[in-house]
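The values are calculated or read from the model by the stated rules, or taken from the named source; none is laboratory data. Quick caveat, the model's predicted, so the values are computed rather than measured. For neighbour counting, all protein chains shown are included, and Cβ atoms are generated from backbone atoms with ideal geometry for every residue, glycine included.
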Amino acid sequence: MQQIDAYRAEGLLVIPNFFKKVEIEQLKTCADKLQLTASTIAKKQTGKVMYLGTEFVLDKLEDKVQIHRIVWAGAAQPKLLELARQKKLLSPVSQLLESSEACHLINQLHYKLPHDEVSFDWHQDVKNRRTFDPNWQDLNKTGSFVQVIIAIDSMTSANGGIFYVPKSHLNGDLFLEQITDTAKLQAVAKLDNAIALQLNPGDVIFMDPYLIHGSKANISDKPRRIFINGFAYPGANKKPYPGTGSAQLISLKANND
């Protein structure tokens, strides 16, 4: 209960060493295989490319392949779905959503490879929900969505780590993407209060969909890869997401017995 209260108050909950070393090695193996696949695909095609039931979102920066995200990665690498649907992860999701079921929307790998210039602007994840699905609804009135971020590599401010604004979720949906003036964005989002998340491999973040966060490019010589899973309250999402098997309604209770 104390952790749930902390999540509600802060907008996120960080749990160190949530995943074991052997599980992180499995994640690294999957990430390495999909990175190789992405590089092969990018030789012929960039943009959004569907392959083996997984969507690769790719670009090129001179001789570097930019992997913006790999969507529903578990279709191409089923081990990723297995790791994401363990009892130990679904149990807190069930508590935070206050539901025994969830729509498993997101199963993604995000890569920040050295000097690839991939970054993510300040945003709230609810923006992605309503942009993709105009009929998205916050049915449980606490966001109806929980994002789970698993650190595959160490995360620092130098290698493209995540910055967030504490308690910013309490202001609800601020439609930050509509603010084009930098000074106004700084004021509305209270970006002066942003702090960096420092994570070790295996650490996990549970994040509220209204929390303001973003990340800069990786200027280090170390990769920063994260494994992201997103779970929606039943009925909140009404549109299928890319990827074979994506947006399934799964039982959270069955995994918690």
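Tabulated results
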read-out: Residue match in region 201-211 (condition: in contact (Cβ under 8 Å) with a residue 40 or more places away in the chain, surrounded by 20 or more Cβ atoms within 10 Å (Cβ to Cβ), outside any loop (DSSP other than H, G, I, E, B) and out of contact with any Leu (no Cβ under 9 Å at 6 or more places or on another chain)); value: no
read-out: Single condition Ile106 does not satisfy, out of (1) over 17 Å from Gly214 (Cα atoms); (2) free of Cβ contacts under 8 Å to residues at least 60 places away in the same chain; value: (2)
read-out: Options Leu249, Leu185; residue that is within 27 Å of Glu82 (Cα to Cα) and touching a strand residue (DSSP E or B) at 6+ places or on another chain (Cβ under 8 Å); value: Leu249
read-out: Residues within region 167-200 that are assigned to a helix (DSSP H, G or I) and either hydrophobic (A, V, I, L, M, F, W, C) or crowded, with 19+ Cβ neighbours inside 10 Å (or both), tallied; value: 10
read-out: Exclusive hit being among the basic types (Lys, Arg), surrounded by fewer than 14 Cβ atoms within 10 Å (Cβ to Cβ) and either under 18 Å from Ile228 (Cβ atoms) or modelled with pLDDT under 95 (or both), set Lys64, Lys48, Lys112; value: Lys48
read-out: Residue within region 219-227 that is surrounded by 21 or more Cβ atoms within 10 Å (Cβ to Cβ), at pLDDT 95 or above and assigned to a loop (DSSP other than H, G, I, E, B) present; value: no
read-out: Matching residues, region 194-232, being more than 30 Å from Leu252 (Cα to Cα), touching a strand residue (DSSP E or B) at 6+ places or on another chain (Cβ under 8 Å) and aliphatic (A, V, I, L, M); value: Ala194, Ile195, Ala196, Ala217
read-out: Candidate set: region 67-84, residues that are in contact (Cβ under 8 Å) with a residue 24 or more places away in the chain and charged (D, E, K, R); chosen: the one surrounded by the most Cβ atoms within 10 Å (Cβ to Cβ); value: Arg69
read-out: Which numbered condition Cys30 misses (of (1) under 17 Å from the mean Cα position of the chain (by Cα); (2) within 25 Å of Gly235 (Cβ to Cβ)); value: (2)
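A quick yes/no check of all residues on (1) among the hydroxyl-bearing types (Ser, Thr, Tyr); (2) out of contact with any Leu (no Cβ under 7 Å at 6 or more places or on another chain); (3) more than 24 Å from Ala189 (Cα to Cα):
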position	(1), (2), (3)
Pro92	no, yes, yes
Gln95	no, yes, yes
His115	no, yes, yes
Ser119	yes, yes, no
Arg129	no, yes, no
Asn135	no, yes, yes
Thr142	yes, yes, no
Gln147	no, yes, no
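One line per residue, one yes/no per condition, for (1) in contact with a Phe, Trp or Tyr (Cβ under 6 Å, 6 or more places away or on another chain); (2) on the phi < 0 side of the Ramachandran plot; (3) among the aromatic types (Phe, Trp, Tyr):
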site: Pro134; (1), (2), (3): no, yes, no
site: Thr156; (1), (2), (3): no, yes, no
site: Asn159; (1), (2), (3): no, yes, no
site: Phe163; (1), (2), (3): no, yes, yes
site: Pro166; (1), (2), (3): no, yes, no
site: Thr182; (1), (2), (3): no, yes, no
site: Leu185; (1), (2), (3): no, yes, no
site: Lys190; (1), (2), (3): no, no, no
